[in-house]
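Single-structure report; data block below.
The values are calculated or read from the model by the stated rules, or taken from the named source; none is laboratory data. Please read all numbers here as calculations on a predicted model, not as lab measurements. Note: ideal-geometry Cβ built from the backbone for every residue, glycine included; neighbour counts use all protein chains shown.
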Amino acid sequence: MKFTESLKKKFQFRYVYNRGRSIANRHLVMYAVKNGTQGNKLGISVSKKVGKSVVRSRVTRLIRESYREIEPQLRCGYDLVVIARVTCKEASYQEVQMSLRHLFKKHQLLSPQEKIAEKERKECGKNG
């Protein structure tokens, strides 16, 4: 994660939970709140309900890698907390990435250039 710091302390997570807006889908829940800085901060939470430590670590790696790929297309200045749901343990990398991208779209955190490129890809798919 080239441009992003991590949320590590409990009070940082609490701030995002209390002040942030949450949106969820099948695999993930995301809280987002403006932080007033130039960079993003990401926190990942995977509960023991998801599985044992090996499973939780795998899910965390999937989320972190998915975020890393989407990171250059994101708006700056947000604190983000991503929470894995139990269904995430059976999800593939592509499913996690699609879920994360869906949540960023719902939060309107994708940069305008990405939205234009995505619209062009959809139009090309219809025409071609």
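Structure data summary
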| item | result |
| --- | --- |
| Residue list for segment 62-84, filter: part of a strand (DSSP E or B), in contact with a Phe, Trp or Tyr (Cβ under 9 Å, 6 or more places away or on another chain) and within 13 Å of Gly39 (Cβ to Cβ) | Leu74, Asp79, Leu80 |
| Residues that are surrounded by 15 or more Cβ atoms within 10 Å (Cβ to Cβ), more than 11 Å from the chain's Cα centre (by Cα) and farther than 21 Å from Arg14 by Cα, drawn from segment 59-105 | Val59, Gln73, Arg75, Cys88, Lys89, Ala91, Glu95 |
| Matching residues, segment 1-49, being among the β-branched types (Val, Ile, Thr), over 18 Å from Phe104 (Cα atoms) and at pLDDT below 95 | Thr37 |
| Test for Gln108: is it modelled with pLDDT under 95, outside any helix (DSSP H, G or I) and out of contact with any Phe, Trp or Tyr (no Cβ under 8 Å at 6 or more places or on another chain) | yes |
| Pair list, Cβ under 7 Å, 6 or more apart: segment 92-114 residue more than 18 Å from Asp79 (Cα to Cα), other residue among the acidic types (Asp, Glu) and part of a helix (DSSP H, G or I) | Gln97/Glu69 |
| Among (1) under 22 Å from Ser92 (Cβ atoms); (2) touching a residue at least 40 places away in the same chain (Cβ under 8 Å), the one test that Val50 misses | (2) |
| Residue satisfying all of: in segment 28-45; assigned to a loop (DSSP other than H, G, I, E, B) and in contact (Cβ under 8 Å) with a residue 40 or more places away in the chain; surrounded by the most Cβ atoms within 10 Å (Cβ to Cβ) among these | Asn35 |
